[in-house]
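Step one of this worksheet: look at the structure below.
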Amino acid sequence: MSEDTIFHRILRREIPADIVYEDDDVFAFRDIAPQAPVHVLFVPKASVRTLDEAKAGHAELIGKLALAAADYARKEGFADDGYRVVINCNDNGGQTVFQLHLHLLAGAPLGRFGTPRA
Ligand code: 5GP
């Protein structure tokens, strides 16, 4: 990955993280500030800053990101109970790390979302 964010540094093992999944295209680790009992971030290894900047050529990669999260949920045993996946984009979406990532939230019934920021 040519750009540098905290997630690139986690991928390079320059800073510690609880990495729970990795393949050729995607890696996943536990969020440092979990918003649910299970909160895992799925990140492409290729640099893509935001969903807005994703191109048609990234379609397979984004599909892999979603399927990696779904596979993880099934393997960890919480797929039937359910979970939520979220991609925040740019400022109003609440994106703070500018490397595309998918949040997987699970482990409890989740409240509604999408309310304006205070
Ligand atoms: P965003 O707000 O960009 O959608 O999500 C970024 C997420 O990255 C946040 O939920 C935040 O807690 C998480 N995060 C930021 N820095 C670190 C870090 O150094 N380690 C881990 N594991 N998560 C981080």
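Search the structure for amide H atoms under 5 Å from the amide H of PHE27, placed 1.01 Å from N in the peptide plane, and list their residues when 5 or more places away or on another chain.
The list, which skips near neighbours in sequence, is VAL43, LYS45.
To the nearest 500 deg cm²/dmol, what mean residue ellipticity at 222 nm is calculated for the chain from DSSP H runs of n ≥ 4 alone, each contributing -39,500 (n - 2.57), summed and divided by the residues?
The helix contribution divided over the chain gives -7000 deg cm²/dmol.
Give me the distance in nm between label points sitting 7 Å out from Cα along the Cα-to-Cβ direction at ILE6 and VAL97, one decimal.
Output for this residue pair reads 0.7 nm.
Could the peptides 23-30, 76-83 be put in order, highest first, of the mean number of other beta-carbon atoms found within 10 Å of their residues?
Per-residue mean Cβ counts within 10 Å order the peptides as 23-30, 76-83.
Over the Cα atoms of the chain, Rg to Rh with Kirkwood Rh, two decimal places?
Across the chain, the Cα-based Rg/Rh ratio is 0.94.
Would you mind computing, in nm to one decimal, how far apart the modelled labels at ILE62 and CYS89 are, each placed 7 Å from Cα along Cα→Cβ?
0.7
Give the lysines whose C-alpha is closer than 29 Å to that of LYS55, dropping any in the same chain fewer than 8 places away, or say none.
The qualifying lysines are LYS45, LYS64.
Values quoted throughout were computed directly from the atomic coordinates according to the rules given, and no laboratory measurement underlies them. Everything numeric in this text was worked out from a predicted model, so none of it was measured. When we count neighbours, we look across all protein chains shown, and the Cβ atoms used for this are built from the backbone with ideal geometry, even at glycine.
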